[in-house]
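What follows is a single structure, written as structure tokens, with notes after it.
Any read-out appearing in this document is the output of simple, stated calculations on the displayed coordinates, not a laboratory observation. Quick caveat, the model's predicted, so the values are computed rather than measured. All Cβ positions, even for glycine, are placed from backbone atoms using ideal geometry, and neighbour counts span all protein chains on display.
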Amino acid sequence: MKLVVGVKLLPTPVQAAALEATLRACNEAATWASAIAFEKDVKRNFALREHAYGEVKARWGLGAQAAQHVIKKTCDAYAVLKANLRAGRLGRPGSKRYRQATGKPIVFRPEGAQPYDDRMLSWQITERRVSVWTVAGRVKDVAFTASPEQLATLALYRKGESDLVCRDGMWFLMATCEVPEEPLNTHPVDFLGIDLGIVNIATTSDGEIMAGRELNRVRVRERTLRTKLQKKNTPSAKRRLRKRRRKEARRANDINHKIAKHVVAEAERTGRGIALEDLTGIRERVRLRKPQRATLHSWAFAQLGSFIAYKARRAGVPVVHVDPAYTSRTCAECGHIDRANRVSQAWFACRNCGFVDHADRNSSRNIRARAWELWRRGAESTAPAPPRQQQGGAGRKRSITASDARCASPAPLAPGS
């Protein structure tokens with residue numbers, strides 16, 4: 001499987017200036033090539049190369065490999081746009097957002113990432129140095145820093161392209177590594193159901209709750225501060241916004257990694273698979289009041305699911321994605337489905353048999369049962385369900401998400417989350 005290992009570069013001021021000039025030249029060339037592709041409707045790599053390759057090399061002083069990567073990056077951007085349009089992520093055909101996306105060429109940021117191959121980038125991993133091609137010539141002995149685990153992964157499994165990235169004045173290399181997978185456990189003894197939510201980020205069918213009360217408090221504080229700074233709109237406020245803009249994303253990324261690592265380790269230790277909900281299209285299905293929308297859209301459930309999926313593949317743990325319909329209203333003991341069963345965000349009380357449990361724990365048990373049934377029937381289980389547009393029904397995860405957004409968390413942040 002492919003993993004991306006990011007290392008931080010430590011260039012000198014002269015080296016940093018050369019890297020910055022290279023990114024600007026490559027992205028200016030990509031923007032020009034994008035206009036050619038849009039005007040002539042030529043958005044395939046080899047076809048666009050006939051129209052743009054010579055001009056890109058001569059006008060911006062790029063080498064042969066860099067020019068080819070610029071053209072390929074342009075074509076890849078149009079391929080992503082086409083996929084997003086086909087999936088409906090940019091609205092319906094004819095809508096304002098759709099017309100804005102298709103009515104003009106793609107423009108690349110001056111500091112957008114640029115791919116490098118082994119002809120343009122040489123690694124000296126033991127010395128923690130790289131040699132990078134730039135428009136000012138080859139820049140050698142650029143230092144980088146990485147953890148011992150990252151260095152070992154780079155030394156053993158690095159293969160393919162690496163992306164040069166500039167982020168908030170810092171330089172990074174994102175290296176592609178092909179890491180071998182463990183043999184898949186084809187005979188799990190059971191499944192570990194995972195219910196995802198906003199108040200409780202993840203709840204397992206074993207009863208473990210990884211809550212986000214403290215995290216949600218920090219997110220509300222950050223959102224309030226961001227609103228104040230945006231209203232102030234002074235140069236100092238804009239500087240502070242730029243400084244803090246990625247802090248929240250880094251926090252969510254770190255917590256998602258910790259939760260995923262803990263879940264996969266527990267499933268591997270007990271010989272079980274992992275059961276997740278297929279939440280594709282939940283943002284289109286769920287309708288909330290305006291003050292609750294930011295809470296609903298603030299957590300990266302897709303990122304957490306992808307982290308669990310790739311860590312499970314590395315460990316050989318099977319993953320099943322199940323339909324989340326009515327998991328929050330179904331009794332895990334008798335199977336009775338009733339909207340009134342969900343008495344609050346925190347608690348579930350069956351109107352048929354009287355079973356009482358934490359609502360998210362009850363949902364995770366239903367997810368576990370559905371995954372086990374799918375596995376016994378031989379359904380696809382080792383990869384997430386393909387993206388699809390789902391229509392919102394009355395019970396398709398709507399009540400649980402709405403109640404999550406309305407209520408406060410009953411539990412503290414769990415260890416390891």
Next item on the list: Would you calculate the separation in nanometres between label points at Glu111 and Asp141, each defined as 7 Å from the Cα along the Cα-to-beta-carbon direction?
Entry: 2.7
Check: What ranking of Glu55, Glu20 emerges when the number of other C-beta atoms within 10 Å of each C-beta is taken as an exposure proxy, fewest first?
Finding: Glu55, Glu20
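Would you mind putting 110-117, 2-9 in packing order, based on average other-beta-carbon counts within 10 Å, highest first?
Values: 110-117: 18.6, 2-9: 15.8.
For the peptides 110-117, 2-9, the packing ranking is 110-117, 2-9.
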Notebook entry, point to check: Add -39500 (n - 2.57) for each DSSP H run of 4 or more in the chain, then divide by its residues: what number comes out at 222 nm, to the nearest 500 deg cm²/dmol?
Noted result: -15000 deg cm²/dmol
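Which shape class, rounded, prolate or oblate, goes with the stretch 150-220 when its Cα gyration tensor gives a ≥ b ≥ c as root eigenvalues, a/c under 1.5 marks rounded, and past that a/b bigger than b/c marks prolate?
Here the stretch 150-220 falls in the oblate category.
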Checklist line | Val80/Ser344 FRET efficiency (R0 45 Å; Cβ-Cβ; nearest 0.05) | finding: 0.60
Next item on the list: For a quick protection proxy, order the peptides 192-199, 342-349, 267-274 by their average other-Cβ count within 10 Å, most packed first.
Entry: 192-199, 267-274, 342-349
Notebook entry, point to check: When the Debye formula is applied to the Cα atoms of the stretch 1-180, each taken as the same point scatterer, what base-10 log of I(q)/I(0) results at q = 0.08, 0.10, 0.15, 0.19 Å⁻¹?
Noted result: -0.29, -0.45, -0.91, -1.22
Next item on the list: Classify the stretch 63-102 as rounded, prolate or oblate from the Cα gyration tensor: take a ≥ b ≥ c as the square roots of its eigenvalues, call it rounded if a/c is under 1.5, otherwise prolate when a/b beats b/c and oblate if not.
Entry: prolate
Item checked: Nearest 10 degrees, 0 to 90: helix 235-244 Cα axis against the chain principal axis -> 70
Check: Pick from Thr330, Thr204, Thr153: which is most flexible by mean-square fluctuation in a GNM of the chain where alpha carbon atoms under 10 Å apart are linked?
Finding: Thr153
Check: At what distance in nm do the modelled label points of Lys231 and Met1 sit from each other, each positioned 7 Å from its Cα along Cα→Cβ?
Finding: 4.5
Item checked: Total charge dipole magnitude, the stretch 1-180, about the Cα centre, Cβ charges on Lys, Arg, Asp, Glu only, Debye to nearest 20 -> 800
Check: So for the chain, what are the equivalent ellipsoid semi-axes in whole Å, largest first, each being the square root of 5 times an eigenvalue of the Cα gyration tensor?
Finding: 43, 25, 23
